[in-house]
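The values are calculated or read from the model by the stated rules, or taken from the named source; none is laboratory data. For clarity, every value in this text was computed on a predicted model and none was experimentally measured. Glycine also receives a Cβ, built like all others from the backbone with ideal geometry; neighbour counts cover every protein chain displayed.
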Amino acid sequence: MKNAADAILRPEQASYLEALNGQSVRALAAMAGVSAVDGRDPLLAKMEARAADRGYPISDPEVACLLAIVARLGRPQLVVELGTNIGYGAIVLARAAGEGARVVTVEYRSELVEEARGYVAEAGLSKRIEVRHGMAIQELEKIDGPIDLLYVDCVKEEYLRYLEIGAPKLSECGVIVADNVLWRGHVARENPPRSEAERARALGAFNSAIVGRPDLCGVVLPLGDGVALAARI
Ligand SMILES: C[S@@+](CC[C@H](N)C(=O)[O-])C[C@H]1O[C@@H](n2cnc3c(N)ncnc32)[C@H](O)[C@@H]1O
């Protein structure tokens, strides 16, 4: 093990990074070309407040920033997101990817589909973001591709299946981002609590697969709740 591993995981450093990277959302307003209010993109700030109020599990701000960076770098034509919630990630991705990009995002709860469509309309992105009402696996199977950016943020026990279906559909320089892959640290524990064991085991299998597949170059980053990032090779 590297000597620095302990330093990365120290709690004070984790809190420092969380506070520091939390500020990165300020850049999202500029990247989206919208006027900031109190330094923030007003729509994203409104969505974060709504999610906090309702306990909705939207992406962490620092993960949103990573998504924006990846989308801006890759300029994807087709982005697929598994797990829409209220559309926070989809809006960040569509804005950062630029005018040429289309985002297909999948959500199975009808009330969230409606809410997400409302925010997407408010963002002026209804033509570029399609919020599909359906189950992640079935909808991913239906998409022909090529997928330039696949954002996995849905049922943790299904991550490996998303990878198996999604990886062959990636474009030549396609990228996968997957959130929550360290699952509050449980994935690295020898004996996670029984209530989390199945999820931790499934995410562990996903992490091994995304870094081990011969068609991908993948890493797992200790950002937010753990983010896997992989590019097709
Ligand atoms: C973590 S949230 C997604 C957050 C979103 N990606 C973002 O960036 O804000 C996961 C979402 O997946 C939805 N979901 C759960 N099971 C699903 C399934 N089998 N198919 C589609 N959506 C599902 C949940 O209702 C929830 O809204």
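Specify which of the listed residues (A64, A49, A45) is within 15 Å of the ligand (Cβ to nearest atom), outside any strand (DSSP E or B) and touching a strand residue (DSSP E or B) at 6+ places or on another chain (Cβ under 9 Å).
The unique qualifying residue is A45.
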Fill in the blank from the handout: Note on segment 105-131: residues assigned to a strand (DSSP E or B), without any contact (Cβ under 8 Å) to a residue 40 or more places away in the chain and within 12 Å of the ligand (Cβ to nearest atom) are T105, E107
Completion exercise
Reported set for segment 72-93 where residues are more than 6 Å from the ligand (Cβ to nearest atom), closer than 21 Å to E141 by Cβ and among the small types (G, A, S) is A90
Handout entry: Single residue of P193, P168 found to be surrounded by fewer than 16 Cβ atoms within 10 Å (Cβ to Cβ) and touching a helix residue (DSSP H, G or I) at 6+ places or on another chain (Cβ under 8 Å)
Key = P193
Handout entry: Candidate set from segment 173-204 (those that are in contact (Cβ under 8 Å) with a residue 40 or more places away in the chain and more than 23 Å from V106 (Cα to Cα)); member that is farthest from the ligand (Cβ to nearest atom)
Key = E198
Practice task
For segment 43-56, indicate whether the set of residues that are at pLDDT below 90 and at positive phi is non-empty.
Solution key: no
Exercise for the section: Go through the residues of segment 29-42 one by one and say whether even a single one is surrounded by 17 or more Cβ atoms within 10 Å (Cβ to Cβ), more than 11 Å from L93 (Cα to Cα), within 12 Å of the ligand (Cβ to nearest atom) and not acidic (D, E). Expected result: no
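Okay, residues lined up against (1) farther than 21 Å from S126 by Cβ; (2) not polar (S, T, N, Q):
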{"position": "L17", "(1), (2)": "yes, yes"}
{"position": "N21", "(1), (2)": "yes, no"}
{"position": "G33", "(1), (2)": "no, yes"}
{"position": "S59", "(1), (2)": "no, no"}
{"position": "A71", "(1), (2)": "no, yes"}
{"position": "Y88", "(1), (2)": "no, yes"}
{"position": "L93", "(1), (2)": "no, yes"}
Fill in the blank from the handout: For segment 132-159 the number of residues that are more than 9 Å from the ligand (Cβ to nearest atom) and in a helix (DSSP H, G or I) is 6
Practice task
Look at Q13 and say whether it is surrounded by fewer than 22 Cβ atoms within 10 Å (Cβ to Cβ), under 24 Å from E139 (Cβ atoms) and of a type in the set (S, T, N, Q).
Solution key: no
Practice task
Could you tell me whether segment 15-34 includes any residue that is modelled with pLDDT under 95, farther than 23 Å from L223 by Cα and in a loop (DSSP other than H, G, I, E, B)?
Solution key: yes
